[in-house]
Every structure is written in C-alpha cells, then in structure tokens.
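Asker: Below you will find the structure I want to go over with you.
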Amino acid sequence: AGTLGAAAAQSGRYFGAAVAAGRLGESAYVTTLDREFNSVTAENEMKWDATEPTRGSFTFGSADRIVDHAQSRGMKIRGHTLVWHAQIPGWVQNLSSAADARAALTGHINGVMGHYRGKIHTWDVVNEAFADGGAVGSLRSSIWTQRIGNGFIEEAFRAARAADPNAKLCYNDYNIDDADAAKTRGVYNMVRDFKARGVPIDCVGLQSHFGQVPSNYRRNIEQFAALGVDVQITELDIGGSGTAQADAYRRVVEACMAVSRCTGITVWGVTDRYSWRSGDTPLLFDGNYNKKPAYDAVLNALNNA
Ligand code: G3I
C-alpha cells in the first residue's frame, strides 16, 4: 500500500497522528493528514481544561471540529485524555475533599465520554499517573492522589466502563517503553492486578517519545500483551534525522507488527513544523510536508510485516 494508513490497515491496524484543531484550515496540513493517516488523536482539545473549564459546563467546540473532520473521512478517533495531573482548570486544582474529587472525576468522565459515545474507539482514561524514579509502583503526587488516594486510577477505570461500555480503556504513560525499568514494572504490576481483580482495563498506551528506542522494546510490548491487554503506541516521536532516525522508526514499527495485540500506532503530530519538541525534527514529514527517510522506513515496515 502507498500510504501509512492503508499499509497499517492490511493487518487490521491503524496509523494515526495527533491533530490540532487550529491547523485544520491549513491546506497542506489537511492534505497530508487526509492522505496518510486513518486515525486521529486531539493533541490538546479533549483535555480537561478544554472540555470542562467550569464545573459542569462542557465545551466541545474544538474537539468536535477534529471529530467531525475524522468522521467525515472515515478515520478512527482516539480519546486523549480523561484524568491527568496537567492541563486541568483551576476549579479542579481546588477540589476540597475526597467526596468532591470523586464527584468531579465521575462527572467529567460521564460528560466527556457521554458526548462522544460511539465515536471514540479508545480512551486514555488515566494519563501519566506513575512517578519517574522512586520505588516500583510509586505514583506521582497530584490532586487525585492527595484527595482520593492511589485508588483514583481504579475508580476512574470503573467509571469509564460504565460511561461507555464499548470503548477500549487505556492506561497511557511515557518512560514505560523499557521492559525492565522501574516505572514500567509499576505499570505492569498495576495492569496484572487490575486483570486479576476484574478492574476494567483493555490496553496500555506506550507514549514512546524517544531519543533512543530501548533495545527490549519488543519484549516490553509482548509482556503487556501477555497480561491480556492490547498495546497501542500512542504518541510516537523520535529525535534526530536521516538514517539513524529512520532506523529507529523502523524498529518501533517492526516491534508493534510482531505482536498481534499491538493494534495501532499514533505519531505525535503531522509535521516537524508544529511538533511540541521545538528545535527538534522528530516526525515523519518535514516542515514543508516532504516525506522524510523515516517515512519511507515506516511505510516499508508496515508493508513488509
Ligand atoms: O492555546 C494556547 C494559546 O492560546 C496561547 O497563546 C499559548 C501561549 O503559551 O498557549 C497555547 O496553549 C498551549 C497548547 O499546547 C496549545 O498549543 C500550551 O501553552 C502548551 O502547554 C500546550 O502544550 C501541549 C502539552 O501537551 C501540554 O502539556 C502540547 O501541545 C502537547 O503536544 C502535549 O502533549 C502531551 C500529551 O498530552 C501527553 N504526553 C506528553 C505530550 C507531550 O508533552
């Protein structure tokens, strides 16, 4: 196949990009998006500060523009993200008790998942809850751990299953790409525990914001899949350029394609021009929407699997 989305679809997978609603009026951006990708993630527009800036008042204008664009072109949509410590409005930061925080959490999950019920195949239910460094399993301190405690993750997944029983529910994080890293072990143990106790979870999102791709990345995908969850590569970007960057992208795609439960890949942007990693060139299209060596490597890896 001649495009990323079509090549991924040959094995029933998707190949997506993070999209900014504010760029949907730029013709080169939209042309590239529509030609190459068959899935989208809103880069910022479904986050809490965008969707519920005031308690109980939901605003979906920017997110709906992305959803409408994707739906009209037959693209899949990933939902990002329901419960996070960042990009939360002031009223969430000021939640005053466990009961207040629980009510806000449930209200938000119901409001956002309810609005998009039937349109979004996978939600990042909880994003980036684990701490960097420290003991295996340690969570980062946030309004959620402070008000509710570590059980907020389980509560969020239970609320999400009830809000949209047909959506796949993911735990999404960065620096959980190395199979043996302490942070990875913590997430692995949580998923194993959730599966053992019947807490609803369907997938793990490996953000995969890379400098170097871990040598055991494929084994990492395999070990999560062996717990009975899907793996999605959710925010892929790799610093650098040229052959080294292309080789790294090829390794990531080959690792996913080798595991049947690795069901899709999303790159965190369409073009280097608008990458969040300013000063770097971590994506598949350069600032003028030319295909990079990394693009060719990804397309070949998708086609050769
Ligand atoms: O929209 C406002 C604009 O009105 C204002 O003038 C401007 C001034 O700073 O800010 C704009 O908002 C920015 C927004 O991106 C949209 O461009 C925010 O400041 C900026 O913080 C925000 O950055 C986003 C970041 O998440 C926030 O945490 C990045 O675009 C987005 O790529 C990034 O994505 C995250 C994932 O959600 C989770 N995983 C890591 C990943 C990369 O950091």
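Asker: If a residue has to be away from the ligand (no atom under 12 Å from the Cβ), open to solvent by 40 Å² or more (accessible area, probe 1.4 Å) and either outside any helix (DSSP H, G or I) or aromatic (F, W, Y) (or both) to count, how many in the range 70-89 make the cut?
Answerer: Going through the range 70-89 one residue at a time, the tally reaches 3.
Asker: Does the range 282-289 include one or more residues that are touching a residue at least 12 places away in the same chain (Cβ under 8 Å) and in contact with a Gly (Cβ under 7 Å, 6 or more places away or on another chain)?
Answerer: There is at least one residue in the range 282-289 that is touching a residue at least 12 places away in the same chain (Cβ under 8 Å) and in contact with a Gly (Cβ under 7 Å, 6 or more places away or on another chain).
Asker: Condition first: under 22 Å from E128 (Cα atoms) and hydroxyl-bearing (S, T, Y). Can you find one or more residues in the range 254-270 that meet it?
Answerer: yes
Per-residue answers, yes or no, for (1) open to solvent by less than 20 Å² (accessible area, probe 1.4 Å); (2) at pLDDT below 95; (3) in contact with a Cys (Cβ under 6 Å, 6 or more places away or on another chain):
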site: A160; (1), (2), (3): yes, no, no
site: D164; (1), (2), (3): yes, no, no
site: Y171; (1), (2), (3): yes, no, no
site: D180; (1), (2), (3): no, no, no
site: A196; (1), (2), (3): no, no, no
site: C203; (1), (2), (3): yes, no, yes
site: S208; (1), (2), (3): yes, no, no
site: G211; (1), (2), (3): no, no, no
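Asker: Report yes if T31 is out of contact with any Lys or Arg (no Cβ under 9 Å at 6 or more places or on another chain), away from the ligand (no atom under 16 Å from the Cβ) and of a type in the set (S, T, N, Q), otherwise no.
Answerer: Working: out of contact with any Lys or Arg (no Cβ under 9 Å at 6 or more places or on another chain): yes; away from the ligand (no atom under 16 Å from the Cβ): yes; of a type in the set (S, T, N, Q): yes.
Here the answer is yes, as T31 does meet what is asked.
Yes/no per residue for (1) in a strand (DSSP E or B); (2) within 16 Å of the ligand (Cβ to nearest atom); (3) over 27 Å from N150 (Cβ atoms):
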position: T59; (1), (2), (3): no, yes, yes
position: D68; (1), (2), (3): no, no, yes
position: W91; (1), (2), (3): no, no, no
position: N110; (1), (2), (3): no, no, no
position: R117; (1), (2), (3): no, no, yes
position: W123; (1), (2), (3): yes, yes, no
position: V126; (1), (2), (3): yes, yes, no
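Asker: Another one. Taking G279, is it outside any helix (DSSP H, G or I), free of Cβ contacts under 8 Å to residues at least 60 places away in the same chain and within 19 Å of T122 (Cβ to Cβ)? Give the derivation first.
Answerer: Numbers: outside any helix (DSSP H, G or I): yes; free of Cβ contacts under 8 Å to residues at least 60 places away in the same chain: yes; within 19 Å of T122 (Cβ to Cβ): no.
The answer is no for G279.
Asker: Also: Scanning the range 231-259 for residues that are out of contact with any Ser or Thr (no Cβ under 8 Å at 6 or more places or on another chain) and closer than 30 Å to R161 by Cβ, which turns out most open to solvent (accessible area, probe 1.4 Å)?
Answerer: A258
Asker: Still on this structure, please answer the following. Looking at (1) buried (at least 19 other Cβ atoms within 10 Å of the Cβ); (2) touching a Leu at 6+ places or on another chain (Cβ under 9 Å), find the lone condition where R23 falls short.
Answerer: Looking at each condition in turn, R23 falls short on (1).
Asker: Follow-up question, since we're still on this one. Can you tell me which residue within the range 253-277, out of those that are over 18 Å from T32 (Cβ atoms) and touching an Asp or Glu at 6+ places or on another chain (Cβ under 6 Å), is nearest to the ligand (Cβ to nearest atom)?
Answerer: The initial filter retains those residues of the range 253-277 that are over 18 Å from T32 (Cβ atoms), namely 253-264, 277.
Okay, now just the ones that are also touching an Asp or Glu at 6+ places or on another chain (Cβ under 6 Å), so 259, 261, 263.
Working: V259: 22, R261: 22, T263: 19 Å.
Checked the range 253-277; the qualifying residue nearest to the ligand (Cβ to nearest atom) is T263.
Asker: Additional query: Return the pair list, or none, for Cβ contacts closer than 9 Å from residues in the range 35-47 that are closer than 14 Å to Q71 by Cα and free of Cβ contacts under 8 Å to residues at least 60 places away in the same chain to residues that are within 16 Å of the ligand (Cβ to nearest atom) and part of a loop (DSSP other than H, G, I, E, B), at least 6 apart or on different chains.
Answerer: Taking only residues 6 or more apart or on different chains, the pairs are A42/A20.
Asker: Here are some residues: G228, G264. Which one is outside any loop (DSSP other than H, G, I, E, B), small (G, A, S) and under 24 Å from A167 (Cβ atoms)?
Answerer: Only one candidate passes the filter, namely G264.
The values are calculated or read from the model by the stated rules, or taken from the named source; none is laboratory data. Small disclaimer: the values here were computed from a predicted structure and weren't measured. Cβ sites come from the backbone with ideal geometry, for glycine too, and all protein chains shown count toward neighbours. Each accessible area value is taken on the protein alone, full model and side chains, heavy atoms only, with ligands, DNA and RNA left out. Shrake-Rupley method; radii C 1.70, N 1.55, O 1.52, S 1.80 Å.
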